[in-house]
1. For His173, which of the numbered conditions (1) within 12 Å of ligand 1 (Cβ to nearest atom); (2) under 20 Å from the mean Cα position of the chain (by Cα); (3) surrounded by fewer than 18 Cβ atoms within 10 Å (Cβ to Cβ) fails to hold?
2. Quickly run through segment 84-111 and pick out the residues that are surrounded by fewer than 21 Cβ atoms within 10 Å (Cβ to Cβ) and touching a Lys or Arg at 6+ places or on another chain (Cβ under 8 Å).
3. Can you pull out every residue in segment 111-153 that is among the hydroxyl-bearing types (Ser, Thr, Tyr), over 15 Å from Leu77 (Cα atoms) and either within 16 Å of ligand 2 (Cβ to nearest atom) or assigned to a helix (DSSP H, G or I) (or both)?
4. Condition test on Phe160, is it touching a residue at least 24 places away in the same chain (Cβ under 8 Å), part of a strand (DSSP E or B) and within 16 Å of ligand 1 (Cβ to nearest atom)?
5. Can you work out which of the residues in segment 262-284 that are closer than 24 Å to His107 by Cα and of a type in the set (D, E, K, R) is surrounded by the most Cβ atoms within 10 Å (Cβ to Cβ)?
6. Which residue pairs have Cβ atoms closer than 9 Å, lie 6 or more positions apart in sequence or on different chains, and pair a first residue in segment 174-194 that is free of Cβ contacts under 8 Å to residues at least 40 places away in the same chain and in a loop (DSSP other than H, G, I, E, B) with a second residue that is open to solvent by 10 Å² or more (accessible area, probe 1.4 Å) and not aromatic (Phe, Trp, Tyr)?
7. Do you know which of the residues in segment 65-79 that are more than 18 Å from the chain's Cα centre (by Cα) and open to solvent by 70 Å² or more (accessible area, probe 1.4 Å) is nearest to Pro104 (Cα to Cα)?
Amino acid sequence: MTAKPAILTTAFLGLALVSTATYTLAKPETFKMVYGSPESKVSSVPYKGAYVEGGDVVTALPEIKKVPNAKTHNVRLDLTHKTVEIDDGVQLEGWTFGDSIPGPTVHVRQGDKVIFTMTNRSGDDAKVTFPMPHSIDFHSAMVNPLDKYRTIGAGQTITFEWTANYPGVFMYHCGTPMLLHHMIMGMYGAVVVDPVGGYPDKVDREYVIVQSELYTKPKDPKNPNLLVSDVESAIKKSPSHVLFNGRVNSLVNNPLKAKPGERVRLYVMNVGPTDTSSFHVVGTIFDKVYLDGNPNNLLRGMQTVLLGSSNGAVVEFVVPESGKFAIVDHEFADASLGAVGFVDATDGKGPKASH
Ligand code: CU
Ligand code: CU
């Protein structure tokens with residue numbers, strides 16, 4: 001009886017020694033965080049210029065460009081009410097950032113400052129739903145939401161700044177009540193923040209994918225091709241569409257191009273507003289996944305990455321050979337509602353075989 005505790009103690013000490021030997025402390029954070037920013041400014045000076053400003057910092061999905069070297073970026077995403085095409089011949093009366101659903105991608109570097117401006121132009125087009133108050137909430141920022149994410153009325157402009165403290169793939173969205181309603185109208189987009197010095201691996205291709213659900217019904221039962229958002233089905237979590245980049249078959253009709261042997265990086269953002277995404281690419285394995293896009297959150301050899309509503313990820317994989325590689329939400333109800341696309345690595349020669 002007396003030997004047993006001794007053996008246990010020895011075993012415990014052994015484990016302790018092993019764990020001491022293999023455990024390395026994370027490097028201390030050397031990056032200088034910037035918390036908060038000056039108070040936002042709201043004005044009613046009329047503005048009729050471009051809906052989107054920011055040069056290479058702001059791109060339409062699925063494109064992403066190199067971040068310019070400047071440390072401060074002026075970005076504008078104006079609010080509009082617009083009828084957008086979500087499928088061939090099918091229109092949705094939506095609300096937008098930057099006149100598109102999803103809104104454009106904002107791409108900066110860790111430590112950069114964004115001077116953001118947004119004019120509520122929801123009253124500009126009287127043909128589409130009446131003007132509404134709106135706001136913006138950047139998940140990539142650390143600021144007082146009561147100030148920076150305040151709601152502005154039609155005709156008003158808000159300007160505020162934020163600094164990108166953390167690298168990653170973040171979302172922005174309208175935060176005006178009823179938030180679910182504003183989300184299902186299309187008010188969201190992605191922010192990509194490169195780590196200082198960039199992500200560890202060199203890649204050949206980079207694309208942005210934003211997944212979202214739509215909850216719609218025909219505006220007029222006699223015309224199934226003009227849709228409006230349906231809060232009732234959104235509360236029941238019963239989507240009519242689950243989309244990559246805002247359109248049925250957007251990445252089927254315009255697949256992401258790659259070549260055999262290339263390393264591809266996808267910046268994936270699941271905006272929800274309610275559903276998860278089991279993000280998967282058929283025919284390859286994710287060599288590296290950075291949860292929420294932070295290089296400290298590294299996972300290796302992943303078949304699927306699970307993204308909650310408002311989770312993002314950087315996903316990297318090698319294209320193993322010539323072929324077409326389906327991108328799906330592996331929750332197949334979602335895939336059958338539209339969350340499907342392709343990485344096309346056939347060099348335009350078409351698939352080698354079909355099932
Ligand atoms: Cu809104
Ligand atoms: Cu949010």
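The values are calculated or read from the model by the stated rules, or taken from the named source; none is laboratory data. All values derive from a computational prediction rather than experimental measurement. Reconstructed Cβ throughout: ideal geometry from the backbone, glycine too, with neighbour counts over all protein chains shown. SASA here: full protein model, heavy atoms, side chains in, ligands and nucleic acids out. Shrake-Rupley method; radii C 1.70, N 1.55, O 1.52, S 1.80 Å.
1. (3)
2. Glu85, Asp87, Glu93, Asp99, Gly111 - these are the residues of segment 84-111 that are surrounded by fewer than 21 Cβ atoms within 10 Å (Cβ to Cβ) and touching a Lys or Arg at 6+ places or on another chain (Cβ under 8 Å).
3. Within segment 111-153, Ser140 is the sole residue that qualifies.
4. So Phe160 fails the test.
5. Out of the qualifying residues, it is Arg265.
6. Matching pairs, first to second residue: Pro177/Thr151.
7. That would be Asn74.
For every residue, the table says whether it meets (1) within 16 Å of ligand 2 (Cβ to nearest atom); (2) under 29 Å from Asp88 (Cβ atoms); (3) open to solvent by less than 30 Å² (accessible area, probe 1.4 Å); (4) part of a helix (DSSP H, G or I).
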{"residue": "Tyr199", "(1), (2), (3), (4)": "no, no, yes, no"}
{"residue": "Tyr207", "(1), (2), (3), (4)": "no, yes, no, no"}
{"residue": "Lys217", "(1), (2), (3), (4)": "no, yes, no, no"}
{"residue": "Gly246", "(1), (2), (3), (4)": "no, yes, yes, no"}
{"residue": "Pro260", "(1), (2), (3), (4)": "no, no, no, no"}
